[in-house]
Amino acid sequence: DTAVSQTPKYLVTQMGNDKSIKCEQNLGHDTMYWYKQDSKKFLKIMFSYNNKELIINETVPNRFSPKSPDKAHLNLHINSLELGDSAVYFCASSQEGPRGNEQFFGPGTRLTVL
Amino acid sequence: GDSVTQMEGPVTLSEEAFLTINCTYTATGYPSLFWYVQYPGEGLQLLLKATKADDKGSNKGFEATYRKETTSFHLEKGSVQVSDSAVYFCALSESNSGYALNFGKGTSLLVTP
């Protein structure tokens, strides 16, 4: 059983389009995250949800909107895609704990904007 | 704000060589420290972690010790294998940032036979 799954794995689209990436975790975790990995492999937090509530919203353009229908799912919708949005997007989940527990990562979604 | 600095790569080693990847951090509070590994074409996996000063994390022959006095968490392995070729990320998390991982830039390791 896959612990954290993302769909699609690859996404190729034109500038200006709107697209969504879905993430699901079956670990029973309370917290889910979206990270962006750029072409130089640098990873940066975008959003975090805890029990469907947004708790982290880093400096990300308004075109990016996360949605958590329940605590097992965290989707990422991107409007008006730009070339600079091309990256690998990773979803992760963790169980809250006092010392920052392990985060489990999905396989990533490679987004290419043409 | 918090930050993590890793040694620049790529690092190329022969099989059975000793590995050290340096990692230092700055933090406002008392972070937990992690090493994650990313194999080609895959997501990230936790390699090891340490949650308080002087803790040693270890896994698969890799070790790192949480050094508060030098704000460091260097990764070491006594004898690397070809299968260790991957990108290694040092990261920290703190409660004041919602436990999101703050990553270093990653160090690419290539081990040759």
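The values are calculated or read from the model by the stated rules, or taken from the named source; none is laboratory data. For clarity, every value in this text was computed on a predicted model and none was experimentally measured. So basically every Cβ, Gly included, is an ideal-geometry build from the backbone, and we count neighbours across all protein chains shown. Just the protein is used for accessible areas: all its heavy atoms, side chains included, with ligands, DNA and RNA removed. Shrake-Rupley method; radii C 1.70, N 1.55, O 1.52, S 1.80 Å.
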| field | Any chance A:K36 is closer than 15 Å to A:L81 by Cβ and either more than 10 Å from every other protein chain (Cβ to nearest Cβ) or surrounded by fewer than 15 Cβ atoms within 10 Å (Cβ to Cβ) (or both) | value | yes
| Quick check, is A:S65 in a strand (DSSP E or B), modelled with pLDDT under 95 and more than 12 Å from chain B (Cβ to nearest Cβ)? | yes
| Just to be sure, is B:T51 on the phi < 0 side of the Ramachandran plot, among the β-branched types (V, I, T) and within 14 Å of another protein chain (Cβ to nearest Cβ)? | yes
| Selected residue (only one of A:D70, A:D85 is out of contact with any Gly (no Cβ under 7 Å at 6 or more places or on another chain), modelled with pLDDT of 95 or more and not aliphatic (A, V, I, L, M)) | A:D85
| Count of residues meeting criterion [open to solvent by less than 10 Å² (accessible area, probe 1.4 Å) and away from every other protein chain (no Cβ under 14 Å)] in the stretch B:66-83 | 3
| query | In the list A:S68, A:S48, A:S80, which residue meets the criterion of being free of Cβ contacts under 8 Å to residues at least 40 places away in the same chain, open to solvent by 10 Å² or more (accessible area, probe 1.4 Å) and among the hydroxyl-bearing types (S, T, Y)? | reply | A:S68
| Within the stretch B:48-113, strands (runs of 3 or more DSSP E) holding 1 or more residues that are at pLDDT below 95 | B:86-93
| query | Got at least one residue in the stretch A:95-104 being within 13 Å of another protein chain (Cβ to nearest Cβ), open to solvent by 20 Å² or more (accessible area, probe 1.4 Å) and at pLDDT 90 or above? | reply | yes
| Residues that are over 16 Å from B:L109 (Cα atoms) and either free of Cβ contacts under 8 Å to residues at least 12 places away in the same chain or within 11 Å of the chain's Cα centre (by Cα) (or both), drawn from the stretch B:1-24 | B:V4, B:T5, B:T24
| said: Here is a check on your reading of the model: is B:K105 touching a residue at least 12 places away in the same chain (Cβ under 8 Å), within 14 Å of chain A (Cβ to nearest Cβ), surrounded by fewer than 20 Cβ atoms within 10 Å (Cβ to Cβ) and closer than 18 Å to B:T24 by Cβ? | reply: yes
